[in-house]
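The structure appears right after this line, and notes come after that.
What follows is calculated from the coordinates using simple rules that are stated; it is not laboratory data. Treat the numbers as computed from the prediction; the structure is a model and nothing was measured. All Cβ positions, even for glycine, are placed from backbone atoms using ideal geometry, and neighbour counts span all protein chains on display.
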Amino acid sequence: MIFRIISFVSVSAVLVAGLVLAPTLDYKVEFDSASGSYSVKPADLRLVCPGPLFRSGGDSGTNLSMIERSGTADLYYTADGSGELAQQSVSGSANSSVELGASRVFGSSEISDATSLTNLGADQDSPQGSSVLTGSSAQISAIGSMRGFAAASCQLPSNDFVIVGGSTLAGREALLVLTNPSPIDATADIRIFTDLGEVTVSGLSGISVPARSTTAVSLASFAPTVPAIALQVQSQGAKLAGWIQARAVRGTAATGVDWISPNPQATDKAVLPGLVIRGTRVINQTIESEENSDAGHALRIFAPEGANVTVQIVSSKADVFGAVFTGIIEPGTVSDFPISELKDGDYSVFVSSDKPVYSGLRVARGNPGASPRLDFAWVSPAEELVSDRAVSIPADGDSILVLANTGSTASTVLVQNLRSGASVRVSVPTLGTATVDLSGPVSISEAPGVYATVAVLVEGQISDLDVRDPRNLGSEVRVRFG
């Protein structure tokens with residue numbers, strides 16, 4: 001034991017002596033050299049396409065708890081950038097990819113589920129927007145309980161959006177369709193507004209939208225027999241893509257179906273190009289029946305704070321007068337303004353209000369001697385062309401680009417076919433509208449004050465495509481050490 005103590009004391013003395021006699025080492029870490037601003041790359045650009053329509057009720061049409069996909073939809077897309085383009089069924093059942101960078105890519109496929117298009121691995125400074133990636137899906141439904149043409153532009157998921165359109169009156173169906181393309185679960189809270197104000201019922205919060213799935217909810221469960229609907233969706237967890245699927249049945253005849261896409265931000269200057277009117281005689285005959293009083297065209301406005309609105313409808317033909325009317329909307333309510341006595345033609349709708357509003361435009365299509373005899377489209381407000389845009393359109397039917405100009409001078413827009421390179425310059429008169437027929441995917445030049453929508457007419461039926469510019473924003477982070 002004495003030996004162990006002596007050994008310990010000796011070793012300790014050596015260590016102390018070493019520390020005292022060792023040369024001083026002065027180390028200093030210069031954290032300031034790592035301080036500064038760092039650019040954070042935007043998230044990969046991902047768009048979500050709705051996929052096929054939903055059929056409710058099952059084979060009998062009476063099983064209200066059953067909502068399932070019906071048929072397949074056609075997907076169209078074009079991309080041009082760096083990295084790769086990945087096409088993926090939201091459920092993960094079908095995947096494909098193609099390298100980007102050599103030349104613009106065009107594609108189409110038949111899809112049986114909601115589908116995402118993602119630009120993966122793009123360069124740090126690679127741009128985003130519809131010129132880099134754009135897509136749309138389209139479907140003609142011809143089953144007994146659902147007839148019509150439905151198309152929609154693929155959209156950028158969001159945590160907060162508003163959709164205006166749809167009805168739950170007898171013979172009308174409105175399904176809220178929420179798609180979660182991410183590997184993270186989401187929950188959604190919904191606020192529903194009608195002509196009487198906000199709906200206050202249980203079950204509107206905490207709606208589950210699991211990762212890589214789609215949830216479809218009948219709005220009649222929360223707001224039955226309502227003529228006019230607008231709703232807000234806010235999600236926690238993952239961002240969601242969302243649409244209202246609107247369907248109409250008159251008597252035993254199915255008469256129209258369409259996807260309704262979210263609005264841009266609320267505004268006091270909304271522009272809705274795309275009031276493309278065909279088959280007025282059939283529409284008017286149908287409206288004469290009280291049961292079918294909502295069969296015609298209508299502008300719907302949702303005013304969260306209330307609003308006084310002025311609406312001007314302008315024709316693409318200088319010798320055709322459109323319409324002008326005004327209205328007052330109570331706070332938190334939704335109002336429909338029927339649009340009648342307009343001849344067949346192409347129009348744009350300008351909405352001015354004293355407070356920000358959301359809006360939607362129902363466009364009817366008469367189809368004499370065919371089925372469905374009526375179809376409809378729901379047009380959302382357009383975005384101003386503050387940047388170049390691209391839009392991918394269905395291969396079938398007639399597609400019409402409708403342009404509206406809010407500026408004080410005429411504006412010229414360059415529209416170029418992305419496949420052939422053929423282009424046309426379109427003059428859009430001040431506070432007026434102009435159209436151009438499309439024959440494939442196109443680019444649309446930047447034109448401040450000008451707004452655009454694509455109307456698609458197929459076999460006597462109608463739908464529309466938004467012309468948006470989806471972007472994920474990067475950021476700059478300031479970091480300082482020390």
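For the chain, what is the calculated [θ] at 222 nm in deg cm²/dmol (nearest 500), taking -39500 (n - 2.57) for each run of four or more DSSP H residues and dividing by its residue count?
Working: 2 runs with 28 residues, N = 482.
Computed mean residue ellipticity for the chain: -2000 deg cm²/dmol.
Considering lysine pairs in the chain that are 8 or more places apart or on different chains, how many have Cα atoms under 27 Å apart? Don't skip to the answer; put the middle values down first.
Working: Lys41/Lys239; Lys269/Lys317; Lys269/Lys343; Lys269/Lys355; Lys317/Lys343.
Within the chain, the lysine pair count is 5.
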Could you give P(r) for region 337-381, binned at 5 Å from zero, as whole percent values over all Cα-Cα pairs?
5, 13, 25, 23, 15, 10, 4, 3, 1
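How much space per residue, in cubic angstrom, does the convex hull of the C-alpha atoms of region 346-482 take up?
Details: hull volume 25.5 nm³, N = 137.
Here the figure is 186 Å³ per residue.
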Value of relative contact order over region 364-478, rounded to a whole percent, pairs C-alpha under 8 Å and six or more apart:
36
Taking Cα pairs closer than 8 Å and at least 6 residues apart, the relative contact order of region 147-236 in percent is 44
Expected sort for Phe54, Phe325, Phe376 with the fewest Cβ neighbours (10 Å cutoff) up front is Phe325, Phe54, Phe376
Could you tell me which chymotrypsin sites (Phe, Trp or Tyr not before Pro) in region 190-257 are loop residues by DSSP with no more than 16 other beta carbons within 10 angstrom of their beta carbon?
none
What ranking do Val357, Val177 get, fewest neighbouring Cβ atoms within 10 angstrom at the top?
Val177, Val357
Round to a whole angstrom and tell me the spacing of the C-alpha centers of region 278-324 and region 387-442.
24
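Take the alpha-carbon positions of region 151-244, form their convex hull, and give its projected area averaged over all directions (one quarter of the hull surface) in nm². Before the final figure, lay out each step's value.
Numbers: hull surface 23.2 nm².
Result: a mean projected hull area of 5.8 nm².
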In degrees, nearest ten, helix 2-21 long axis to first principal axis of the chain (Cα):
70
Across 20 Å bins from 0, what is the distribution of all Cα-Cα pair distances for region 45-479, in whole percents?
27, 61, 11, 0
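Let me know the Kirkwood hydrodynamic radius for region 250-378, please, with Cα pairs as the basis and the value in Å to one decimal. Please list the in-between numbers first.
Details: mean 1/r = 0.0650 Å⁻¹.
Here the Kirkwood hydrodynamic radius works out to 15.4 Å.
Order of Glu84, Glu330, Glu173 from fewest to most other C-beta atoms within 10 Å? Write out the running numbers ahead of the final one.
Values: Glu84 17, Glu330 13, Glu173 23.
Fewest to most other Cβ atoms nearby, the residues stand as Glu330, Glu84, Glu173.
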